[in-house]
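J.: I have a structure here, written as structure tokens, and I will follow up with some questions on it.
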Amino acid sequence: PFIMVISESLTPQSVIDEMGYQFIPQQFSLDAYRYLFRFPEMLIKAYGVSIFITVVGTLLNLLLTALLAYPLSRMEFRHRGKVAVFLFFTMIFSGGMVPYYILVRQYLHMQDTLWVLIIPQLVVPGNVFLLRVFMQDIPGDIYESAWLDGASEYRTFFSIVLPLMKPGLATVGLFSVLMYWNEVITGKLFI
């Protein structure tokens with residue numbers, strides 16, 4: 001793939017449009033590199049936006065995913081079955097591209113903002129279920145000990161559960177980084 005990217009960068013756009021992508025270019029051109037070195041601020045700004053979206057999106061995604069997975073992992077939560085079915089349903093059935101477009105554009109008015117690249121993907125149901133499984137492996141004695149010591153649910157979550165969840169958070173964080181960094185369609189639709 002790396003060689004293919006270099007090959008594409010050395011091929012004129014007209015040749016790519018006419019002949020498609022080729023491993024060895026039929027014509028060589030340095031126009032892409034001339035353009036890049038003529039306007040370097042555009043490249044720097046593009047990478048800055050991508051890094052911002054990836055970092056902020058990943059941190060918010062991890063926080064919300066963990067906050068949703070925590071009650072689902074606890075047997076004391078009365079509505080865990082209903083919430084799990086709702087998440088599972090949204091994981092299997094999607095509204096589609098047209099309702100998504102109408103929702104974001106006409107009702108949420110998030111077009112032409114960076115938040116449209118972050119907010120729609122804040123909670124991924126598959127990641128919630130993955131973290132829930134990690135949290136279910138934490139022994140119940142730890143929760144009981146925290147409760148006997150007078151810790152609130154928030155204190156238990158932030159001081160006890162999250163430090164024990166580092167491998168799960170690292171896994172979901174990696175999935176989230178890849179999801180945000182590789183997102184192309186949303187930017188083309190709304191920005």
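J.: What pairs come up if the first residue lies in segment 53-71 and is farther than 21 Å from residue 153 by Cα and touching a residue at least 24 places away in the same chain (Cβ under 8 Å), the second is outside any helix (DSSP H, G or I) and open to solvent by 10 Å² or more (accessible area, probe 1.4 Å), and their beta carbons are under 8 Å apart, counting only those six or more places apart or on different chains?
T.: Partner pairs satisfying both residue conditions: 53/183; 57/122.
J.: Considering only residues that are surrounded by 12 or more Cβ atoms within 10 Å (Cβ to Cβ), closer than 18 Å to residue 179 by Cα and either in contact with a strand residue (DSSP E or B) (Cβ under 7 Å, 6 or more places away or on another chain) or aliphatic (A, V, I, L, M) (or both), which ones fall in segment 92-141?
T.: Hits for segment 92-141 are 114, 116, 117, 118, 119, 122, 123, 124, 128, 130, 131.
J.: Given the criteria modelled with pLDDT of 95 or more and either surrounded by 14 or more Cβ atoms within 10 Å (Cβ to Cβ) or of a type outside the set (D, E, K, R) (or both), does residue 60 qualify? Before you say what the answer is, go through the steps one by one.
T.: Numbers: modelled with pLDDT of 95 or more: yes; either surrounded by 14 or more Cβ atoms within 10 Å (Cβ to Cβ) or of a type outside the set (D, E, K, R) (or both): yes.
In short, yes.
J.: Mind counting the residues in segment 7-20 that are surrounded by 11 or more Cβ atoms within 10 Å (Cβ to Cβ) and without any contact (Cβ under 8 Å) to a residue 24 or more places away in the chain? Spell out the reasoning first.
T.: Within segment 7-20, the subset surrounded by 11 or more Cβ atoms within 10 Å (Cβ to Cβ) is 7-13, 15-16, 19.
Okay, now just the ones that are also without any contact (Cβ under 8 Å) to a residue 24 or more places away in the chain, so 7-8, 10-13, 15-16, 19.
The total comes to 9.
J.: Return yes or no: is residue 140 within 28 Å of residue 85 (Cβ to Cβ), modelled with pLDDT under 90 and of a type outside the set (A, V, I, L, M)?
T.: On the way: within 28 Å of residue 85 (Cβ to Cβ): yes; modelled with pLDDT under 90: yes; of a type outside the set (A, V, I, L, M): yes.
Yes.
J.: Can I ask one more? Could you check how many residues of segment 159-182 are aliphatic (A, V, I, L, M) and touching a residue at least 24 places away in the same chain (Cβ under 8 Å)?
T.: Here is the first cut: in segment 159-182, the ones aliphatic (A, V, I, L, M) are 160-162, 164-165, 169-170, 172, 174, 177-179.
From what is left, the residues that are touching a residue at least 24 places away in the same chain (Cβ under 8 Å) are 161-162, 164-165, 169, 172, 177, 179.
Residues in segment 159-182 being aliphatic (A, V, I, L, M) and touching a residue at least 24 places away in the same chain (Cβ under 8 Å): 8 in total.
J.: Looking only at segment 66-87, which residues are modelled with pLDDT under 90, open to solvent by 80 Å² or more (accessible area, probe 1.4 Å) and not aliphatic (A, V, I, L, M)?
T.: 76
J.: Read through the list (1) surrounded by fewer than 14 Cβ atoms within 10 Å (Cβ to Cβ); (2) free of Cβ contacts under 8 Å to residues at least 24 places away in the same chain, then give the number of the only condition that residue 29 fails.
T.: For residue 29, the exception is condition (1).
J.: Another one. Condition first: in a helix (DSSP H, G or I) and β-branched (Val, Ile, Thr). Now tell me which residues in segment 128-184 satisfy that. Reasoning before the result, please.
T.: Within segment 128-184, the first condition is being in a helix (DSSP H, G or I), and the residues that meet it are 128-136, 140-148, 153-164, 166-181.
Listed by number, the residues that qualify are 128, 133, 142, 156, 160, 161, 171, 172, 177.
The values are calculated or read from the model by the stated rules, or taken from the named source; none is laboratory data. If you're wondering where the values come from, they're calculated on a predicted model, not measured in any experiment. Reconstructed Cβ throughout: ideal geometry from the backbone, glycine too, with neighbour counts over all protein chains shown. The area values use the complete protein model at the heavy-atom level, side chains included, leaving out ligands, DNA and RNA. Shrake-Rupley method; radii C 1.70, N 1.55, O 1.52, S 1.80 Å.
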